Amino acid sequence: MAIFLSVLSVACAIGAAVSLLRYDSKHFDLLVLSSVIFLSAAIPSFEVDASLEELKSINHRLINVQTGIEKLQAH
């Protein structure tokens, strides 16, 4: 989802540039605003993805610790 929003933000920014240069700034402000909104919506998604990866890593390490403790208790 974050990548889609980032691509959408870039597309709006390109549309704004084309609007500014070719169509006498028609809808330029709307395109810039849309680009900023999509980009601001994408940034927290990237942070959530990174947090999920970190939580998966912590979970994997905890499973390893639990397995080690179970092996020690078996002896």
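The values are calculated or read from the model by the stated rules, or taken from the named source; none is laboratory data. Predicted, not measured: the structure shown is a model, and the values here were computed from it. Neighbour counts are summed over all protein chains in view; Cβ atoms, including those assigned to glycine, are modelled from backbone coordinates with ideal geometry. We work out accessible area using only protein heavy atoms, side chains counted, and drop any ligands, DNA or RNA first. Shrake-Rupley method; radii C 1.70, N 1.55, O 1.52, S 1.80 Å.
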| message | Tell me yes or no: at least one residue of the stretch 46-54 is in a helix (DSSP H, G or I), at pLDDT 80 or above and of a type in the set (A, V, I, L, M, F, W, C). | response | no
| task | Please list, ordered by first then second residue, the pairs with beta carbon atoms under 9 Å, 6 or more apart or interchain, first in the stretch 10-24 and within 19 Å of Val36 (Cβ to Cβ) and hydroxyl-bearing (Ser, Thr, Tyr), second open to solvent by 70 Å² or more (accessible area, probe 1.4 Å) and not in a helix (DSSP H, G or I). | result | Ser19/Lys26; Ser19/His27
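Report yes if Ile14 is aliphatic (A, V, I, L, M), at pLDDT 75 or above and surrounded by 13 or more Cβ atoms within 10 Å (Cβ to Cβ), otherwise no. Lay out the reasoning, then the answer.
Numbers: aliphatic (A, V, I, L, M): yes; at pLDDT 75 or above: yes; surrounded by 13 or more Cβ atoms within 10 Å (Cβ to Cβ): no.
So Ile14 does not fit the description; no.
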